[in-house]
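One structure below.
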Amino acid sequence: MQESIERAARDLLNSRHAILSGAGISTESGIPDFRGPSGIWTRDPAAESRAYRSYERFTTDPKRWWEENLGRPSSLGDLANAMPNAGHYALAELEELGILKCLITQNVDGLHEKAGSWNVVEYHGSLFKLRCMACTARFGAHEFDLEELGRSGKLPPRCPHCGGVLQTDGVSFGEPIPLDVAGRSMAEARRCDVMLICGTSAVVYPFADLPRVARGRRAGGAGVLSVTIVEINAEPTRLTHEGLADYLIQGKTGEVLPQLVERVKQGRRAPGLPDR
């Protein structure tokens, strides 16, 4: 593993536009995943079935959806009091060093921002935000007194800009990825020369297409550098088996990423290596 960490540090130091995509990093903060061995849907398949119907139910009757779901505890637990782990802080430090240019996450828990990352694309949205179905404007959930709206019969909440219906920002099954998020993610995948993939099963689409976009978008591009895809996962994934990743660093993100950041910092102090 140490040899692979050294290799990844060199790749990052030589990069011009490194990005990260991933999901499972939050499990080490006590937030369960969905499809892992002890995942929410692995243990409760009925919950997955309900999740698949949620967006259709919302679009059919948003008032009733809000009335039924308002105050219902999140299946992910107490996210408001969840804390970032060492992996989150390591990524924030990579960004502060000027090496990691963008972080694209499937997580909806806000822990990357809590750790100090600021250039974050929340591919599947955030459970701490509301999004307008009409104009896609986003608002902090705390900006609305949802309980009072429920008591006064004024659900669903409405967008103060255009009057459209507000939904939770977390993207549901069957719901298209918001165009601004999808466009930004594709642009970053096409632009990057190093992509770190951390803690993902690589089976949820269209997010799982981003490494393929990064790999394929350079075919035939005159004078364009190749992309290096580095996978950091506890176990090999489809990306490993298909040879899409250049190499795998097998381990927990909360253990691997801090070591990687330390090697990057050591490399920057060494003579003749890039200093940003």
* Please build a GNM for the chain, connecting alpha carbons under 10 Å apart, and tell me which residue among LEU260, LEU97, LEU70 fluctuates the most. => LEU70
* **Angle in degrees between helix 86-96 and the longest Cα principal axis of the chain, rounded to the nearest 10** => 70 degrees
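Output the antiparallel fraction of DSSP beta bridges having both residues in the stretch 81-169, as a percent to the nearest 5. Don't jump to the answer; show the numbers that get you there.
On the way: 7 of 10 bridges.
If I count the DSSP bridges inside the stretch 81-169, around 70 percent turn out antiparallel.
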* Using the Karplus equation 6.51 cos²θ - 1.76 cosθ + 1.60 (θ = phi - 60°), what ³J(HN,Hα) coupling, rounded to whole Hz, does each residue of the stretch 69-75 give in order, writing x for Gly and Pro? -> 9, 4, x, 5, x, 6, 5
* Where does the chain land at 222 nm, in deg cm²/dmol rounded to the nearest 500, when only DSSP H runs of n ≥ 4 count, each adding -39500 (n - 2.57), divided by all residues? -> -10500 deg cm²/dmol
* Asked: Mind checking the angle between helix 2-13 and the chain's longest principal axis? C-alpha axes, 0 to 90 degrees, to the nearest 10.
  -> 80 degrees
* To do: Only loop residues by DSSP count here, and only those with at most 14 other Cβ atoms within 10 Å; note down the chymotrypsin sites (Phe, Trp or Tyr not before Pro) in the stretch 110-203 that meet that.
  => TRP118, PHE173
* Looking at the stretch 116-171, which trypsin sites (Lys or Arg not before Pro) are DSSP coil and have at most 15 other C-beta atoms within 10 Å of their C-beta? -> LYS154
* To do: List every residue whose amide H lies under 5 Å from the amide H of GLY125, counting only residues 5 or more places away in sequence or on a different chain, with H placed 1.01 Å from N in the peptide plane.
  => VAL171
* Of the beta bridges DSSP finds with both residues in the chain, what % are antiparallel, to the nearest 5? -> 25 percent
* Folded to 0 to 90 degrees: helix 45-60 orientation relative to the chain principal axis, Cα -> 60 degrees
* To do: Report the label-to-label distance for LYS154 and GLU96 in nanometres (one decimal), using points 7 Å from each Cα along the Cα→Cβ vector.
  => 4.2 nm
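Each value in this text was obtained by applying a stated rule to the coordinates, not by laboratory testing. It should be emphasised that the depicted structure is a prediction, and the values quoted were computed from it without experimental measurement. Here Cβ is always computed from backbone atoms with ideal geometry, including for glycine, and neighbour counts include all displayed protein chains.
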